[in-house]
Amino acid sequence: MVSSFNSSTNNPIIRKLQTVLSLSDEERAAILALPLDQREVRARQEIVREGDRPTRSFVILEGVACAFKLTGEAKRQILGIPHRR
């Protein structure tokens with residue numbers, strides 16, 4: 001799913017940032033100028049792998065993500081879960 005977010009009221013990054021800080025009109029305009037699309041990610045689907053050089057940022061709108069590594073027994077060891085507001 002790819003969506004367009006062309007106003008401050010329906011832009012998920014602006015909505016999320018405004019829960020923790022106040023944005024100026026200039027900052028909101030800069031965010032609105034960024035290329036943005038919304039994608040659905042399945043449970044257990046990797047977003048970024050170790051060693052990747054990501055070319056975009058991610059905002060989790062719904063659900064939870066974690067950082068993990070595979071152990072010698074091919075099991076996942078969770079390294080961290082980002083703080084959620």
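The values are calculated or read from the model by the stated rules, or taken from the named source; none is laboratory data. Keep in mind it's a predicted model, so treat the numbers as computed, not measured. Keep in mind that these areas ignore ligands, DNA and RNA; they rest on the heavy atoms of the full protein, side chains included. Shrake-Rupley method; radii C 1.70, N 1.55, O 1.52, S 1.80 Å.
Of note:
- Extent along principal axes [Cα atoms of the chain; Å; largest to smallest]: 51, 25, 22
- Order of exposure, largest accessible area first, which applies to ASP25, ASP37, ASP52 with probe 1.4 Å: ASP25, ASP52, ASP37
- Surface accessible to a 1.4 Å probe, THR19 within the full protein complex, Å²: 100
- Here the contact order of the chain, divided by its residue count and restricted to Cα pairs under 8 Å and six or more residues apart, works out to 24 percent.
- For GLU40, the solvent-accessible surface computed with a 1.4 Å probe is close to 140 Å², ligands and nucleic acids excluded.
- Helical content alone sets the calculated 222 nm signal of the chain at -4000 deg cm²/dmol, taking -39,500 (n - 2.57) per DSSP H segment of four or more residues and averaging over every residue.
- Heavy atoms of VAL59 accessible to a 1.4 Å probe, total area in Å² rounded to 10: 60
- Across the alpha-carbon set of segment 46-85, the Rg to Rh ratio works out to 0.99, Rh being the Kirkwood radius.
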